[in-house]
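Q: Sharing a structure below in structure tokens format, with a few things to ask.
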Amino acid sequence: MKRELNSWFSPALQKDMPIVTYGDYGFALLFVPTAAADYLEYERFQMMETLAPYINAGKVKVFSINSINNESWLNDDMAGEHKAIRHNQFNEYVFNEVIPFIKNSTSNETEIIVSGASFGALHSMNLFLKRPDLINGVIAMSGVYDLTEYSKGFWDEQVYFNSPMHHMGNLTDHNILEQIRNSRHIHILTGSGAYEDPNAARDFAGLLYSKGINYELDVWGEEWKHDWPTWRAMLPVYLETRF
């Protein structure tokens, strides 16, 4: 499996941001890490070994980036409004730097699907819903879609606009809604075991339904807990059967 490391100084984040790429061909799968993890998290937890057959076959080309959650929502020493500002800078980094990097590494026609687990699922869903003109779909695993679960009581309009459970209910922009509705890949996956919150997935799916948005909700059983073995089992099923 081809593996390539790149890095650049991000204008949005004002720091060096690395990215790792796996494979040569296929649609682009962009990984957003969990919690405060880094761009190599999916590799450390054997996800790349699990996906190797699809990468080597040219079905998918994987890109994995750093999170900055420890500089925003997970930083207890930071004021809430500054956390929100940093989060928006991360969004701009993805939209204005990572997506062009992926296009330059593939083609302008390459489909880009964003994916993440846990906190990465919320970010992945949020990124897709904000810019469905740039990102073509999402595979969200074991997420909650209410940012107030992480904002520790802080609330402002930036929390609202980065919390899918809040801003999607009031989204009326016809063009954005139609772009979201035209996606063939809105996959909301969750287990029902320890530390999972399947009701969060169901509630968010219900919100999408109310907006006329097609999605796939897949709730796995109680043997599937909030951990890497679950996500290593889930993702290959979707690469095999939906792409």
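Q: For the stretch 156-208, run through the chymotrypsin sites (Phe, Trp or Tyr not before Pro) and keep only the ones in DSSP coil with at most 14 other Cβ atoms within 10 Å of their Cβ.
A: When the chymotrypsin sites (Phe, Trp or Tyr not before Pro) of the stretch 156-208 are filtered for loop state and at most 14 Cβ neighbours within 10 Å, Y195 remain.
Q: If you place +1 on the Cβ of every Lys and Arg and -1 on the Cβ of every Asp and Glu, how big does the dipole about the Cα centre of the stretch 1-114 come out, in debye to the nearest 20?
A: 280
Q: Positive end of the dipole of the chain, charges at C-beta (+1 Lys, Arg; -1 Asp, Glu), about the Cα centre: which of S105, V62, A205 has its Cα farthest in that direction?
A: So the residue we want is S105.
Q: Separate question: What is the Cα centroid distance between the stretch 89-111 and the stretch 120-173, reported in whole angstrom?
A: 19
Q: Applying the Karplus parametrisation 6.51 cos²θ - 1.76 cosθ + 1.60 with θ = phi - 60° to the phi angles of the stretch 137-151, what ³J(HN,Hα) value in whole Hz is obtained for each residue in order, glycine and proline being reported as x?
A: x, 8, 10, 10, 10, 6, x, 10, 10, 10, 5, 5, 5, 10, 7
Q: Give me the dipole magnitude in Debye, nearest 20, for the stretch 118-229 about the Cα centre, with unit charges on the beta carbon: positive for Lys and Arg, negative for Asp and Glu.
A: 300
Q: Then there's this: Give, rounded to the nearest 20 debye, the magnitude of the charge dipole that the stretch 3-241 has about its Cα centre when Lys and Arg contribute +1 at Cβ and Asp and Glu contribute -1 at Cβ.
A: That gives a dipole near 400 debye.
Q: Follow-up. Stretch L5-K152 to full length: gain in nm at 0.36 nm per residue minus the Cα-Cα span?
A: Fully extending the segment from L5 to K152 adds 49.4 nm.
Q: Something else about it: Expected output is a single nm value to one decimal: the length gained when fully extending between Y195 and E178, i.e. 0.36 nm times separation in residues minus the C-alpha distance. What is it?
A: My answer for the length gained is 2.7 nm.
Q: I'd like the FRET efficiency for T241 and A35, computed as 1/(1 + (r/R0)^6) with the beta carbon distance as r and R0 of 25 Å, rounded to 0.05.
A: 0.30
Q: Where in the stretch 98-165 are there trypsin sites (Lys or Arg not before Pro) that are in a DSSP coil and have at most 16 other Cβ atoms within 10 angstrom of their Cβ?
A: Qualifying residues, ordered by number: K152.
Where a number appears in this text, it was derived from the coordinates with a stated rule and is not lab data. Keep in mind that what you see is a predicted model, and the values were worked out from it rather than measured. Neighbour counts run over all protein chains shown; Cβ positions are idealised from the backbone, glycine included.
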